[in-house]
Amino acid sequence: SGAKNNTIELWLVPEQRRISTFKGKCAAFSPNGQLLAIGGTYSKNVSGGTYYYDLIKLWSVPDWKEVAMLDGGLPYKTEYGANDIGTSVMAITFSPDGQLLAFEDRNKIMLWSIAKWQAVATLKPPYYLRQWEAAIAFSPDGQLMASANNNSAISLWKLQGVKSYAGF
């Protein structure tokens, strides 16, 4: 479950018991259940003010240890803080085969290879649809991806070559 205070709570459903709390705004389990990806904004106080970083952290599910971290971009400073619209990872998901991690980062969607831990594509909707993406989902066969933004626009991506695009 997620909360407005930038926390993700992990629950053991049968026992209705919270087992851990993480800092972040969105989370997704890998299809095999071995990884938990958490996206969010993290702050660092330095001389001159507070700077914010968009990060993805991967956690090993069996032992709840952080196994990798992805910096979503350069640090930035905003007068509105981490709640400024469009300045945080707001949606994250794994592909059905667990090989790709897709996440929203500042009005674009990044596709990352889990095996290589590097970017394989950046998806940018046309300017008139460019808003922060509130949800991302893969089709069961992993060939298509849909994203929905905060203006209720839905984008459909054909991932073979990442060239086709449709907006609704």
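Structural remarks
- The local environment of L10, defined by Cβ-Cβ distances under 11 Å, has a net charge of +1 under the rule Lys, Arg +1 and Asp, Glu -1.
- Amide proton proximity set for G142, modelled H, under 5 Å, gap of 5+: none
- Note on A137 and S47: with the Förster distance fixed at 41 Å, the Cβ-Cβ geometry gives a FRET efficiency of about 0.45.
- For A121, distant residues with modelled amide H under 5 Å away: L111
- Averaged over residues, the count of other Cβ atoms within 10 Å places the peptides 139-150, 7-18, 90-101 in the sequence 90-101, 139-150, 7-18, highest first.
- Computed extension length for V120-Q34: 28.8 nm, one decimal, from 0.36 nm per residue of separation with the Cα-Cα distance subtracted.
- Database remark: amide H of L35 closer than 5 angstrom to the amide H of S30, V61 (H placed geometrically; neighbours at sequence offset of 5 or more, or on other chains; Pro and chain starts carry no H).
- The simple Förster model, with R0 at 30 Å and r as the Cβ-Cβ distance, assigns S60 and Q16 a FRET efficiency of 0.80.
Values quoted throughout were computed directly from the atomic coordinates according to the rules given, and no laboratory measurement underlies them. Note that the structure is predicted; figures quoted are calculated from it, not measured. Positions of Cβ are generated from backbone atoms using ideal geometry, with glycine treated the same way; all protein chains shown enter the neighbour counts.
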